Amino acid sequence: MHKMKVCFYTLGCKLNFSESSTLAREFIAGGYERTEEFRDADVCVINSCSVTEHADKKCRNIIRRIHKLNPEAIIAVTGCYAQLKPYEIAAIEGVDIVLSNNDKGDLYRKVVELGKKGVRQEVTSCSTEELTRFFAAFSSGDRTRAFLKVQDGCDYCCSYCTIHNARGSSRNMPIADIVKEAQSIAAQGHKEIVITGVNTGDFGRTTGESFADLLRALDGVEGIERYRISSIEPNLLTDEIIDICATSSKFQPHFHIPIQSGCDKILGDMKRRYNTSMFKARIEAVRRAMPDAFIGIDVIAGFPGETDEDFQTTYDFLEALAPAYLHVFPYSARANTPAAAMKNKVQDSIKTERAARLERLCEKLHRDFYDKYVGTEAKVLWESSIKAGWMVGFTENYIKVRLPYDASRINLTEKVRLIEVDDNCEMLAEIIK
């Protein structure tokens, strides 16, 4: 008897990956086998992103590619692009199901109901105001690390961003339910949890709890050795949260904090909720409490109205701040956002050039951070992937370490001495017996 197969293609953020993983478990529980090959699948699920025009285009291209490779497969699309432009996606040949973010949790049931290919097409759409459901999710693809969704939606309406429209208002599950999810992750053998959300630090809107309360509760979950916070807005990174992370043995000295611009004029136009002096003060507070912390920063190049001087101000600010990593995005205009209507657009060629300058700065900062730790000792949690005979793991402060592959080390935390940084900015190490 033919066993039905399902294939997932996930675009965008860690939140999408945790949701795809949860949907996949539902298909597997229903008797499906998961495959990585589009051509083998009876059902292909695309969890879409719409943070940039490039993400939309990638989604359209993948739908066409799947349909060409496997015209008989049921193609189901959900996620942020499906929320914002469901009928644009439904018009692409081969698409059978388009589900809003509100209906994402019904995807398995909808596929089963659809039955035979070509019977009918189903499209669900809803307004931003109607996005009220919370789809509980965690990823379980990697043997070592899981991504746990704790919050969805965003009440910040930054002028360049479409996420509020795509994900709705900030909402969350109660802490008690999230602790149960973390316990089931621990029961599966995962040692590390990455806490994810759209605006993670805004946790608690629907339950009257706080992000700090959540961190304290998760700290008590047995079996989980490490927590990382996927991303947190600078204005929500309070002294209380920094203190919890600094005093807990489980919360790692690793923060991802979006700045988007190092120029106060541009931050104002972006409708961000801080200025550069406040941002700098938050970074300094982290470093006082955790001097070895890995700090990654998101930055947008070429926002409308960004002059050469504004860009240089951002560049100089980031260079002086010296984070461990920069996540660089050229500005992408999104429909129905205030920034899309702004004058003084920056030419694409200039955006590309500015992004490239920031990427080069990132390479230098990343290397400088690694170099500081050569000769020191650290604890590494080894992961299961193998690449050209090597395995990798991460230190507490997110330095990527490699070692000759040894399957018996997977999911073990071991003490190592960091020896040297290679050309790919990975650290070579030796085990301390």
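The one condition from (1) modelled with pLDDT of 95 or more; (2) among the small types (G, A, S); (3) in contact with a strand residue (DSSP E or B) (Cβ under 9 Å, 6 or more places away or on another chain); (4) over 30 Å from H164 (Cβ atoms) that S349 does not meet is (3). Looking at region 281-302, is at least one residue under 21 Å from S159 (Cβ atoms) and in a loop (DSSP other than H, G, I, E, B)? Yes, region 281-302 contains at least one residue that is under 21 Å from S159 (Cβ atoms) and in a loop (DSSP other than H, G, I, E, B). Being over 23 Å from H327 (Cβ atoms), assigned to a strand (DSSP E or B) and touching a strand residue (DSSP E or B) at 6+ places or on another chain (Cβ under 8 Å) is a condition met by at least one residue of region 167-190. Of the residues making up region 387-433, just one is loosely packed, with under 13 Cβ neighbours inside 10 Å, polar (S, T, N, Q) and over 23 Å from the mean Cα position of the chain (by Cα), namely S408.
Given the criterion surrounded by 21 or more Cβ atoms within 10 Å (Cβ to Cβ), of a type outside the set (G, A, S), assigned to a helix (DSSP H, G or I) and touching an Asp or Glu at 6+ places or on another chain (Cβ under 8 Å), identify the matching residue among I257, I266. Just a single option satisfies the conditions, and that option is I266.
Answer yes or no: is there a residue in region 213-221 that is in contact (Cβ under 8 Å) with a residue 12 or more places away in the chain and closer than 27 Å to N275 by Cβ. Yes, some residue in region 213-221 is in contact (Cβ under 8 Å) with a residue 12 or more places away in the chain and closer than 27 Å to N275 by Cβ.
If the condition is being crowded, with 23+ Cβ neighbours inside 10 Å and either touching a helix residue (DSSP H, G or I) at 6+ places or on another chain (Cβ under 6 Å) or among the β-branched types (V, I, T) (or both), then region 24-45 contributes V43, C44, V45. Against the test of being buried (at least 21 other Cβ atoms within 10 Å of the Cβ), on the phi > 0 side of the Ramachandran plot and at pLDDT below 95, the options G153, G94, G118, G189 yield a single qualifying residue, G153. Does at least one position in region 223-233 carry a residue that is β-branched (V, I, T), within 25 Å of I297 (Cα to Cα), in the same structural domain as I295 (by TED's automatic domain parsing) and assigned to a helix (DSSP H, G or I)? There is no residue in region 223-233 that is β-branched (V, I, T), within 25 Å of I297 (Cα to Cα), in the same structural domain as I295 (by TED's automatic domain parsing) and assigned to a helix (DSSP H, G or I). Scanning region 59-73 for residues that are surrounded by 14 or more Cβ atoms within 10 Å (Cβ to Cβ) and either touching a Cys at 6+ places or on another chain (Cβ under 8 Å) or free of Cβ contacts under 8 Å to residues at least 24 places away in the same chain (or both) yields a count of 4. Could you check region 335-359 and list, in sequence order, the residues that are in a helix (DSSP H, G or I) and exposed (fewer than 12 other Cβ atoms within 10 Å of the Cβ)? Correct list: A341, D348, S349.
The values are calculated or read from the model by the stated rules, or taken from the named source; none is laboratory data. Please read these numbers as outputs of a predicted model, since none were measured by experiment. Neighbour counts are summed over all protein chains in view; Cβ atoms, including those assigned to glycine, are modelled from backbone coordinates with ideal geometry.
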